Amino acid sequence: MNLLIRNGRVIDPSQGIDDTLDVAVENGLVKEIGKGLKAPAGAETIDAAGNYVVPGLVDMHVHLRDPGLEYKEDIVSGTRAAAAGGFTSVACMPNTKPVIDNKAVASYIIAKSRAEGFANVFPIGSITYGSNGERLAEMGELKESGCVAVSDDGRPVVNAELMRRALEYARGMGILVISHAEDLSLVGEGVMNEGFTSTELGLKGIPSVAEDIATARDVMLAEYTRSPLHIAHVSTRGSLRIIREAKGRGVQVTCETAPHYFSLTDDAVRGYNTNAKMNPPLREADDVAAVKEALKDGTIDAIATDHAPHHIDEKDVEFNVAMNGIVGLETSLPLSLKLVEEKVLTLPQLIEKMACKPASILGIDRGTLKAGAVADITVIDPAVEWTVAAENLASKSKNSPWLGEKMKGGAAYTILGGKIVYKR
């Protein structure tokens with residue numbers, strides 16, 4: 001499909017571009033960027049005046065629940081939600097049923113997403129078979145089948161020797177290890193952040209040091225083995241201090257946070273709101289401030305959603321037994337745009353953390369509008385105002401803490417390989 005996107009504010013941090021320009025797309029690839037471009041033959045024209053034109057957003061941490069848990073989400077509904085949120089590429093975590101610990105499951109996900117999906121799907125394989133933390137999965141096979149990283153996300157690798165070997169093998173095979181940093185002995189039966197709010201509500205708390213200790217261990221293992229490491233869903237000021245110091249020593253560590261960790265505190269749990277129950281849990285105001293500071297100073301490399309859909313029957317229960325997680329693909333962009341409004345990030349810095357850097361960390365050929373690149377493009381309307389309503393969410397699951405809330409900003413068009421897959 002051929003396109004000409006005219007008069008938009010084109011922002012591409014991979015090329016240092018931030019200007020009012022046109023983008024020409026021909027045969028699914030970016031042909032050129034410039035002023036006053038002529039439309040390619042048979043091209044559809046999009047007037048992007050007042051909008052931002054950026055590389056297709058990349059979410060490096062989602063749960064698509066397919067195969068095995070399709071009543072919560074599947075590849076079609078999950079990628080439709082991604083497109084509605086402006087994401088052209090997502091990396092899906094391995095805690096499916098069966099787990100992504102072999103070529104067959106990874107190949108199924110890739111084939112289904114290419115045939116039926118509304119976004120690119122890059123599987124993340126498990127570090128251990130069944131994500132049970134006992135025996136390393138065949139990383140070479142996972143990489144050959146299309147996995148871009150390995151993780152036991154949802155569970156930490158408790159055994160330090162096993163995590164060491166995982167880092168060493170992954171380094172040799174050129175595949176990234178993503179850590180779910182959590183000390184389960186400190187988590188215990190905790191269901192929310194340990195602090196004033198948990199005490200007041202009478203709920204067992206999870207201390208922030210449970211994340212800090214696990215982060216420190218994995219960072220030290222990465223330093224010892226000289227292996228790349230990515231820390232998922234960072235939520236505490238302690239973890240961020242550890243990562244910042246490690247980066248200063250030259251450790252090959254990157255990290256991500258999610259919009260809920262810079263938008264909400266554990267006060268959102270009041271009323272025993274299970275849509276505010278997640279893992280890691282929502283933290284305190286000091287942690288939120290630390291996350292914003294780490295975004296600003298570059299300690300946090302990427303913004304990911306940790307999109308975790310659950311059926312209403314798994315959330316409409318007592319807080320202690322409710323499942324952890326929220327849907328986030330469709331609310332990530334407006335929540336993240338607030339960082340620009342608050343002057344935490346500039347707009348190019350935000351796009352770098354939502355497109356360029358996630359693609360770079362995963363080693364995928366996305367996150368750029370360079371001539372010849374696949375034409376994955378997001379056109380953002382910064383002024384559109386809308387309300388988060390369950391009936392309007394593309395995800396099968398509706399477990400969002402922002403239901404009924406007003407949002408500002410969102411995708412006007414999501415373009416995948418030169419094809420419009422979402423139009424507001």
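The values are calculated or read from the model by the stated rules, or taken from the named source; none is laboratory data. This structure is a prediction, so every number in the text was calculated from the model and none was measured. All Cβ positions, glycine included, derive from the backbone under ideal geometry; neighbour counts span all protein chains shown.
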Margin query: For the range 237-267, give me the residue count where each residue is touching a residue at least 40 places away in the same chain (Cβ under 8 Å), touching a Leu at 6+ places or on another chain (Cβ under 6 Å) and of a type in the set (A, V, I, L, M).
Written below: 1
Margin query: Can you name every one of the strands (runs of 3 or more DSSP E) wholly within the range 15-132 that holds 3 or more residues which are touching an Asp or Glu at 6+ places or on another chain (Cβ under 9 Å)?
Written below: 17-26, 29-34, 52-55, 57-62, 87-92, 120-125
Notebook entry, point to check: Taking the range 129-166 only, how many residues are buried (at least 21 other Cβ atoms within 10 Å of the Cβ) and under 23 Å from E211 (Cα atoms)?
Noted result: 10
Next item on the list: Have a look at A166, A170, A119, A106 and point out the one that is without any contact (Cβ under 8 Å) to a residue 40 or more places away in the chain and in contact with a Leu (Cβ under 9 Å, 6 or more places away or on another chain).
Entry: A166
Checklist line | Residue check, T96 within 19 Å of Y413 (Cα to Cα) and of a type in the set (V, I, T) | finding: no
Next item on the list: Could you please let me know if Y129 is aromatic (F, W, Y), in contact with a helix residue (DSSP H, G or I) (Cβ under 7 Å, 6 or more places away or on another chain), without any contact (Cβ under 8 Å) to a residue 40 or more places away in the chain and not assigned by TED's automatic domain parsing to the domain that holds S400?
Entry: no
Checklist line | G36 vs. criteria without any contact (Cβ under 8 Å) to a residue 40 or more places away in the chain, on the phi > 0 side of the Ramachandran plot and not polar (S, T, N, Q) | finding: yes
Check: Taking the range 389-419, which residues are in contact with a Phe, Trp or Tyr (Cβ under 6 Å, 6 or more places away or on another chain) and surrounded by fewer than 22 Cβ atoms within 10 Å (Cβ to Cβ)?
Finding: M407
Next item on the list: For the range 193-205, indicate whether the set of residues that are closer than 30 Å to N275 by Cβ, assigned to a helix (DSSP H, G or I) and among the small types (G, A, S) is non-empty.
Entry: yes
Note to self: Residues that are out of contact with any Phe, Trp or Tyr (no Cβ under 9 Å at 6 or more places or on another chain), surrounded by 21 or more Cβ atoms within 10 Å (Cβ to Cβ) and not acidic (D, E): does the range 377-388 have at least one?
What the structure shows: no
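Residues are listed down the side, and each one gets a yes or a no for (1) surrounded by fewer than 19 Cβ atoms within 10 Å (Cβ to Cβ); (2) closer than 30 Å to D306 by Cβ:
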position	(1), (2)
M1	yes, no
P13	no, yes
V25	no, no
K31	no, no
V54	no, yes
V62	no, yes
E70	yes, yes
Item checked: Qualifying residue in the range 98-112 (condition: in the same structural domain as P358 (by TED's automatic domain parsing), surrounded by fewer than 23 Cβ atoms within 10 Å (Cβ to Cβ) and closer than 28 Å to I380 by Cα) -> yes
Next item on the list: Report yes if some residue within the range 361-368 is among the acidic types (D, E) and either buried (at least 22 other Cβ atoms within 10 Å of the Cβ) or touching a Lys or Arg at 6+ places or on another chain (Cβ under 9 Å) (or both); otherwise report no.
Entry: no
Checklist line | E245 being modelled with pLDDT of 95 or more, surrounded by 20 or more Cβ atoms within 10 Å (Cβ to Cβ) and over 22 Å from G188 (Cβ atoms) | finding: no
Item checked: The listed residue being crowded, with 24+ Cβ neighbours inside 10 Å, acidic (D, E) and touching a Ser or Thr at 6+ places or on another chain (Cβ under 7 Å), out of D212, D266 -> D266
Check: Does E245 qualify as being in the same structural domain as P358 (by TED's automatic domain parsing), closer than 25 Å to A308 by Cα and not in a loop (DSSP other than H, G, I, E, B)?
Finding: no
Checklist line | Any hit, the range 181-189, residues being surrounded by fewer than 16 Cβ atoms within 10 Å (Cβ to Cβ), acidic (D, E) and part of a loop (DSSP other than H, G, I, E, B) | finding: yes
